[in-house]
Amino acid sequence: MNVQGFLTVLVDGLAYGMLLFLFSIGLSITLGLMRFINLAHGAFAMCGGYLMVVLTGLAGVPFLLALPAAFAVTGLVGAALERTLITHLYRKPELQQVLFSIGLAFVAGALANIVFGPQQQPIPLPDWASAKVELLGTWTTGYRVFVVVCGIVALGLLMALFQRTLFGARVRAAVDLRGTAESIGINVKRLFAMTFALGAACAGLGGALAVGFLGLDPSFPLKYLVIVLMVVAIGGPGSILGLFAAALFLGAVDALFKYYVPATGSFVIYALLVLSMIFMPRGLKRRTS
């Protein structure tokens, strides 16, 4: 096995894992903290991706300005949907949440197909994105390094937000003791809307970054749904650090096995999920914060 080739594939897997982390943050938050099963979460990632296509390809917005715009606008879309539709489902049975959210994902995919067509959507990338950069002893593209950096920054900011701020304390209080939180003046509805919007915005950022890495088409909301659910299950719902570790691990394993043992397909990934559910039913949540 060529060491240089191994490291190159590993770096690709780590970059893929960072995207999985960004995709999964919102689902982990809504499932672990808000107790809402949102299988339409991939639609927010797709929203960020198409915003990136429109901003960079049609409007001519520079790449580094389009990214925060996709983050912010997707967050606003998430907040609007939470206030108008999703807020009515928090106390509904899990089956109703699943059916509603998966239906929303199909609607989003159909709408994207009508507006943009079924083809893959390219975006113009800056020159530095294709430049060669050394990482972990191998050469990769500047774009992959940028994706890795974005994931690490997102991890740090989210850990600080939910563990070091009053906002994070209020979210935990609202989830565990909603009645008590409301009695001391916490606006739980607004808090949930902000939390949901943050998760949607992170997915939008992941989707915007994914266009230049994984491609984008109307099947996007469902194409990565299974592996995102696996990341949340293995990482532990609501555990940001566990989610990060699971995303990097699955991204690296998926890339290495698909490159070196392509005949296995996704067997190894699904086998890991089964084993983790048997031996770690709560995922990595007990081991991380």
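Looking at (1) farther than 15 Å from Leu20 by Cβ; (2) modelled with pLDDT of 80 or more, find the lone condition where Pro281 falls short.
Here Pro281 clears every test but (2).
Looking at Phe6, Phe44 in this structure, which one is hydrophobic (A, V, I, L, M, F, W, C), surrounded by fewer than 17 Cβ atoms within 10 Å (Cβ to Cβ) and in a helix (DSSP H, G or I)?
On the way: Phe44 fails: surrounded by fewer than 17 Cβ atoms within 10 Å (Cβ to Cβ).
After applying the criteria, what remains is Phe6.
Hey, does region 249-261 have a residue that's modelled with pLDDT of 80 or more, assigned to a helix (DSSP H, G or I) and loosely packed, with under 14 Cβ neighbours inside 10 Å?
If we filter region 249-261 for residues that are modelled with pLDDT of 80 or more, which is where we start, we get 249-261.
Narrowing further to those that are assigned to a helix (DSSP H, G or I): 249-260.
If we keep only those that are loosely packed, with under 14 Cβ neighbours inside 10 Å too, we end up with 260.
Yes, because at least one residue in region 249-261 is modelled with pLDDT of 80 or more, assigned to a helix (DSSP H, G or I) and loosely packed, with under 14 Cβ neighbours inside 10 Å.
Taking only region 216-229 into account, find how many residues are surrounded by fewer than 24 Cβ atoms within 10 Å (Cβ to Cβ), part of a helix (DSSP H, G or I), in contact (Cβ under 8 Å) with a residue 12 or more places away in the chain and not basic (Lys, Arg).
Adding up the residues that qualify gives 4.
Within region 53-92, track down each residue that is under 13 Å from Pro124 (Cα atoms) and among the polar types (S, T, N, Q).
Thr56
Of the residues Phe146, Phe116, Phe63, which single one is surrounded by 14 or more Cβ atoms within 10 Å (Cβ to Cβ), within 21 Å of Lys223 (Cβ to Cβ) and not aliphatic (A, V, I, L, M)? I'd like the intermediate steps shown before the answer.
Values: Phe146 fails: within 21 Å of Lys223 (Cβ to Cβ); Phe63 fails: within 21 Å of Lys223 (Cβ to Cβ).
Exactly one of Phe146, Phe116, Phe63 is surrounded by 14 or more Cβ atoms within 10 Å (Cβ to Cβ), within 21 Å of Lys223 (Cβ to Cβ) and not aliphatic (A, V, I, L, M), namely Phe116.
Select from region 91-101 the residues that are within 21 Å of the chain's Cα centre (by Cα) and surrounded by fewer than 17 Cβ atoms within 10 Å (Cβ to Cβ) and write down the one among them that is nearest to Leu205 (Cα to Cα). Even if it seems obvious, please write down each step before you answer.
Step one: filter region 91-101 for residues within 21 Å of the chain's Cα centre (by Cα), giving 97-101.
From what is left, the residues that are surrounded by fewer than 17 Cβ atoms within 10 Å (Cβ to Cβ) are 98-99.
Details: Val98: 24, Leu99: 26 Å.
The residue in question is Val98.
Failed condition for Leu155, given (1) assigned to a helix (DSSP H, G or I); (2) at pLDDT below 85, with all others met?
(2)
Listed residues Arg178, Arg172; which is surrounded by 12 or more Cβ atoms within 10 Å (Cβ to Cβ) and in contact with a helix residue (DSSP H, G or I) (Cβ under 7 Å, 6 or more places away or on another chain)? Break it down stepwise before answering.
On the way: Arg172 fails: in contact with a helix residue (DSSP H, G or I) (Cβ under 7 Å, 6 or more places away or on another chain).
Among Arg178, Arg172, only Arg178 is surrounded by 12 or more Cβ atoms within 10 Å (Cβ to Cβ) and in contact with a helix residue (DSSP H, G or I) (Cβ under 7 Å, 6 or more places away or on another chain).
Return the residues of region 195-215 that are part of a helix (DSSP H, G or I) and either in contact with an Asp or Glu (Cβ under 9 Å, 6 or more places away or on another chain) or not aliphatic (A, V, I, L, M) (or both); say none if nothing qualifies. Don't jump to the end; show me each part of the working.
Taking region 195-215 and keeping what is part of a helix (DSSP H, G or I), we get 195-210.
The answer is Thr195, Phe196, Ala197, Gly199, Ala200, Cys202, Gly204, Gly206, Gly207.
Does Gly156 satisfy being under 30 Å from Leu7 (Cα atoms), free of Cβ contacts under 8 Å to residues at least 24 places away in the same chain and not aliphatic (A, V, I, L, M)?
yes
Buried (at least 24 other Cβ atoms within 10 Å of the Cβ) and either among the charged types (D, E, K, R) or in a helix (DSSP H, G or I) (or both): which single residue out of Gly57, Gly13, Gly17 fits that description?
Gly17
Can you spot a residue in region 126-135 that is closer than 20 Å to Ala208 by Cβ, surrounded by 15 or more Cβ atoms within 10 Å (Cβ to Cβ) and free of Cβ contacts under 8 Å to residues at least 60 places away in the same chain?
no
What number goes with the only condition from (1) surrounded by 19 or more Cβ atoms within 10 Å (Cβ to Cβ); (2) of a type outside the set (Gly, Ala, Ser); (3) in a loop (DSSP other than H, G, I, E, B) that Arg282 does not pass?
Tallying (1) surrounded by 19 or more Cβ atoms within 10 Å (Cβ to Cβ); (2) of a type outside the set (Gly, Ala, Ser); (3) in a loop (DSSP other than H, G, I, E, B), Arg282 fails exactly one: (1).
Which of the residues belonging to region 187-215 are among the β-branched types (Val, Ile, Thr), farther than 30 Å from Met277 by Cβ and crowded, with 23+ Cβ neighbours inside 10 Å? Break it down into steps so the answer makes sense when it comes.
First, pick out the residues of region 187-215 that are among the β-branched types (Val, Ile, Thr): 188, 195, 211.
Next, only the ones that are farther than 30 Å from Met277 by Cβ stay: 188, 211.
Selection gives Val211 alone.
The values are calculated or read from the model by the stated rules, or taken from the named source; none is laboratory data. Everything numeric here is computed off the predicted structure, so don't read it as measured data. Note that we place each Cβ from the backbone using ideal geometry, even for glycine, and neighbour counts take in every protein chain shown.
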